[in-house]
1. Just to be sure, is LEU98 crowded, with 17+ Cβ neighbours inside 10 Å, within 30 Å of LYS2 (Cα to Cα) and modelled with pLDDT under 90?
2. Within region 41-55, how many residues are outside any loop (DSSP other than H, G, I, E, B) and within 9 Å of ALA22 (Cβ to Cβ)?
3. Please work out which residue is surrounded by the most Cβ atoms within 10 Å (Cβ to Cβ), limiting yourself to region 19-40 and to residues that are out of contact with any strand residue (DSSP E or B) (no Cβ under 8 Å at 6 or more places or on another chain) and part of a loop (DSSP other than H, G, I, E, B).
4. Kindly indicate whether VAL68 is without any contact (Cβ under 8 Å) to a residue 40 or more places away in the chain, more than 17 Å from GLU111 (Cα to Cα) and of a type in the set (Val, Ile, Thr).
5. What are the pairs, 6+ residues apart or on separate chains, where a residue within region 11-38 that is over 18 Å from ARG55 (Cβ atoms) has its Cβ under 8 Å from a residue that is assigned to a helix (DSSP H, G or I)?
Amino acid sequence: MKQPVFTFEAELLTDAPYEHIAGRLRRESPAAFKSLGSLKVWAPPEEGAELMVLRWARTVGGATESGVLTLAPNPKGAHLRLEGRMKGWSAFMLFGLLRWRTDRLLDRFVEEL
């Protein structure tokens with residue numbers, strides 16, 4: 001039987017320098033930030049040429065939640081992109097809570113820097 005899937009995404013261009021953000025994430029881990037703390041299960045950061053990718057995946061109330069936070073440099077600072085999905089029948093009920101939690105997640109993350 002197929003399961004429903006809900007997705008969300010957000011993007012933000014910040015004037016905070018890429019190296020500052022990437023450096024703090026390397027030193028302190030994503031879980032050290034209050035805004036990212038609710039996404040507790042982080043994989044080790046993947047880094048390429050001027051790109052940092054952070055992934056999380058977990059099961060919440062019978063639904064599978066996963067996502068990616070991508071950091072890339074920009075001439076004006078850093079470009080942040082958040083993509084996530086929740087899969088499962090319980091996601092109907094949980095997605096309202098998830099949307100509330102992720103709605104301004106990038107804004108709250110930048111405020112913590």
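1. Here the answer is yes, as LEU98 does meet what is asked.
2. 2
3. Once the filter is applied, the top-ranked residue is SER35.
4. So VAL68 fits the description; yes.
5. That search, which allows pairs on different chains as well, returns LEU12/LEU106; LEU12/ASP107; LEU12/VAL110; THR14/ILE21; THR14/VAL110; ALA16/VAL110; LYS34/ARG108; LYS34/GLU112.
The values are calculated or read from the model by the stated rules, or taken from the named source; none is laboratory data. All figures in this text were calculated on a predicted structure; none of them were measured in a lab. Every residue, glycine as well, gets a Cβ built from its backbone with ideal geometry; the counts of neighbours run over all protein chains shown.
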